[in-house]
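Visitor: Starting off with a structure, shown below.
We did not get these values from a lab; they are worked out from the coordinates using the rules stated. Everything numeric here is computed off the predicted structure, so don't read it as measured data. Quick reminder, even Gly has a Cβ in these numbers, built from the backbone with ideal geometry, and neighbours come from all protein chains shown.
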Amino acid sequence: MSTSNLYPHSTAAAHAAKAFAVVKRSVIVQGHKTSVSLEDAFWDSLKEIAQSRGIALTVLIAEINSERITCNLSSAIRLFVLDYFRARAIAGLMIGTRHVRTITETRN
């Protein structure tokens, strides 16, 4: 009997673990080669943000690097991506809200 039959969910778990794995990538920031360790979701989101702004990914990373308050560039990128999508979500909520008329406003 094969081990895949004994543990049918192990393949799915392995795929899930790979999807959330931290991947080290080399980038050039201000002329210096450095590395960032990010999950694919953060890396893909970072590329999406750069594309939506019409700038190169390296330019966006340089901006994040110059404004970061953490000592770790990878952490600064994660926080930047989180803040970006948090701001978009809040903006979407504000755009989607409407004024609910009160009874006194209805009477006037």
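Visitor: Any idea which residue in the stretch 54-86 is farthest from Val22 (Cα to Cα), counting only those that are of a type in the set (D, E, K, R) and surrounded by 12 or more Cβ atoms within 10 Å (Cβ to Cβ)?
Guide: Restricting attention to the stretch 54-86, the residues satisfying the condition of being of a type in the set (D, E, K, R) are 63, 67-68, 78, 83, 86.
Then keep just the ones that are surrounded by 12 or more Cβ atoms within 10 Å (Cβ to Cβ); that gives 63, 68, 78.
Details: Glu63: 22, Arg68: 21, Arg78: 12 Å.
Selected residue: Glu63.
Visitor: Output the residues belonging to the stretch 28-52 that are more than 17 Å from Ala76 (Cβ to Cβ) and under 16 Å from the mean Cα position of the chain (by Cα). Even if it seems obvious, please write down each step before you answer.
Guide: Narrowing the stretch 28-52 to residues more than 17 Å from Ala76 (Cβ to Cβ): 31, 33, 40, 44, 48, 51-52.
Within the stretch 28-52, Asp40, Asp44, Glu48, Gln51, Ser52 qualify.
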